[in-house]
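The values are calculated or read from the model by the stated rules, or taken from the named source; none is laboratory data. Note that the structure is predicted; figures quoted are calculated from it, not measured. Using ideal geometry, Cβ is built from the backbone for each residue, glycine included, and neighbour counts are taken over all protein chains shown.
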Amino acid sequence: MEQSAATTSASSLAALRLMLDDPADAPEVVVPLSAAECDLLADDHMVCTCNNVSAGEIRTAMQDGSCASLDDIQVKTRAGGACGHCLPTVAGLVDLEILRARPA
Ligand code: FES
């Protein structure tokens, strides 16, 4: 009985180590698409195909003041909220609109 508890404890520790060392559980860093690349996207370009969000919708939400950050855009449009493949583009569009809104 005592050996069984020790074995369970050892396997639990091994499982915990795997979880802690698993890079898949680490949050992914989103590297925004460059401003130059974002500038080339037409307003009707579908940025997030999971949630049908276009570049124009993201630009409009940033320009009309209803959103001021990537988090705001994700809440309002749901862009990036499914597979996440569009997040670099969404983040790039947000960054570009923030840069454009800054006084010169
Ligand atoms: S393409 Fe945007 S969440 Fe999948």
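In segment 89-104, which residues are over 21 Å from Val31 (Cβ atoms) and among the small types (Gly, Ala, Ser)?
Those that are over 21 Å from Val31 (Cβ atoms) and among the small types (Gly, Ala, Ser): Ala101, Ala104.
For residues that are within 10 Å of the ligand (Cβ to nearest atom) and either closer than 20 Å to Val29 by Cβ or not hydroxyl-bearing (Ser, Thr, Tyr) (or both), tally how many sit in segment 53-88.
Residues meeting the conditions: 12.
So in segment 40-52, with the set limited to residues that are of a type outside the set (Ser, Thr, Tyr) and in contact with a Cys (Cβ under 8 Å, 6 or more places away or on another chain), which one is farthest from the ligand (Cβ to nearest atom)?
Within segment 40-52, the first condition is being of a type outside the set (Ser, Thr, Tyr), and the residues that meet it are 40-48, 50-52.
With the extra rule that they be in contact with a Cys (Cβ under 8 Å, 6 or more places away or on another chain), the set shrinks to 47-48, 50.
Numbers: Val47: 7, Cys48: 3, Cys50: 3 Å.
Taking the candidates together, the pick is Val47.
Take segment 75-93 and flag every residue that is part of a helix (DSSP H, G or I) and under 13 Å from Asn52 (Cα atoms).
Lys76, Thr77, Val90
So is Cys86 in contact with a Gly (Cβ under 7 Å, 6 or more places away or on another chain) and modelled with pLDDT of 95 or more or not?
So Cys86 fits the description; yes.
Within segment 32-83, track down each residue that is farther than 17 Å from Asp95 by Cβ and touching a His at 6+ places or on another chain (Cβ under 7 Å).
Within segment 32-83, just Ser54 meets the criteria.
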